[in-house]
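The values are calculated or read from the model by the stated rules, or taken from the named source; none is laboratory data. Small disclaimer: the values here were computed from a predicted structure and weren't measured. Here the Cβ positions follow ideal geometry from the backbone for every residue, glycine too, while neighbour counts run over all protein chains shown.
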Amino acid sequence: MVPYLHAIWKKLNFEEEMPFGELDHGRLGIIKDYMDLFGVQSEEHVMTMLKILHGGLKEAAEDPCPCGCGRKLEECSYRKKLNKNLNVIRNKLPTPFIEKILESLEPPKNDGEPQ
């Protein structure tokens, strides 16, 4: 926290660049944070992971594995890693929070009307 606050102080007072770069904001920033947390490579895999966390491994066994290998989750060795870390991640992201994340990350719906 201290390095972040120091970087903000320098940026605001001296108009310097952030020494560690700036993180993306909004939806893209959230997706990138979860890509790092889950160890996956795409937005689609993040959404799959969140759905697995919300519904459980049994419900997701037939879904594509979030590691990106192209196999079903039940056929991939990533399932073992996921199962091992599932409780840790669930403690950090309780179910109501996961539901809110899923809702907020759904792509905007376009009803054919110009925006």
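Numbers for the structure displayed
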read-out	value
Helices (runs of 4 or more DSSP H) wholly inside region 13-95 that include at least 2 residues being surrounded by 15 or more Cβ atoms within 10 Å (Cβ to Cβ) and at pLDDT 80 or above	26-38, 43-55, 78-92
Residue in region 4-27 that is touching a residue at least 24 places away in the same chain (Cβ under 8 Å), out of contact with any Leu (no Cβ under 6 Å at 6 or more places or on another chain) and not charged (D, E, K, R) present	no
